[in-house]
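Quick notes on the structure that follows.
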Amino acid sequence: VLICVVMGAVGLFFARSLANPLKRTADFATKVAGGELNEKLDVQRTDEIGSLADTLRHMVDTLKRMIAESEQKSQEAAQLAQEANHATKVAEDALKQAAQAKREGLLQAAGKLEQVVAVVHSAADDLTSQIEQSRRGHSSASNGASPSRGTGTISGAKRPRSMLPIARRWLSRA
């Protein structure tokens, strides 16, 4: 009987020495699975239960490190996204400014072109007038008037001016 009681006491002690660390390890694993990574596992053994506890502690440390890296990468990605948005805005502003400058340049060129057309039109009117005067002088010369000698022009008619010097003068002012 005494041997049975002693054996029962030793068995109970042995069962508790295995069950208590296993229960603490299981509780720790449940809390970690729930996201509680700051829990501590106080099981220090040299058997399989101790090996399991060491592995769980290492796993939690690795999870903490990976989460920290993930948060850092998220912050870096957010920073890069912000920089990309800023660069896009700057590029859009530059594009708008380029379009505005192009419009202004085209308007300025159109204004100068209008001035050139006005000068050419004026010169054409002058030339037409001179041609008309020349025709009138030529028709009067044909009716008995004599052309002036040595000039090669019909008397009373002006020599038509070239449009090139007029255009050059205007362009040098513009």
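The values are calculated or read from the model by the stated rules, or taken from the named source; none is laboratory data. Here the structure is a predicted model, which is why all the values come from computation and not from measurement. We place every Cβ from the backbone using ideal geometry, glycine too, and count neighbours over all the protein chains shown. The accessibility values were calculated without ligands, DNA or RNA, using every heavy atom of the protein model including side chains. Shrake-Rupley method; radii C 1.70, N 1.55, O 1.52, S 1.80 Å.
Below 14 angstrom from the Cβ of residue 97, what's the summed charge of the other residues (Lys, Arg +1; Asp, Glu -1)?
So the surrounding residues net to +1.
Can you tell me how much longer the chain between residue 17 and residue 51 gets when fully stretched, taken as 0.36 nm per residue apart minus their C-alpha distance, in nm with one decimal? List each step's numbers first, then the result.
Numbers: separation 34, 0.36 × 34 = 12.24 nm, distance 1.53 nm.
Using 0.36 nm per residue and subtracting the Cα-Cα distance, I get 10.7 nm.
Compute the FRET efficiency between residue 106 and residue 77 as 1/(1 + (r/R0)^6), taking r as their Cβ-Cβ distance and R0 = 41 Å, and round to the nearest 0.05.
My answer for the efficiency is 0.45.
What is the local net charge at residue 68, summed over the other residues whose Cβ is closer than 15 Å to its Cβ (Lys, Arg +1; Asp, Glu -1)?
Counting the neighbours of residue 68, the net charge comes to -1.
To the nearest 10 square angstrom, how much accessible area does residue 62 have with a 1.4 angstrom probe?
40 Å²
Sequence neighbours fewer than 8 away in the same chain don't count; with that in mind, list the lysines whose C-alpha is under 20 Å from residue 31.
23, 40, 64
Once you put a point 7 Å from the Cα of residue 65 and another 7 Å from the Cα of residue 1, both along the Cβ direction, what distance in nm separates them?
Distance between label points: 6.1 nm.
Let me know the volume per residue of the alpha-carbon convex hull for segment 31-135, in Å³.
124 Å³
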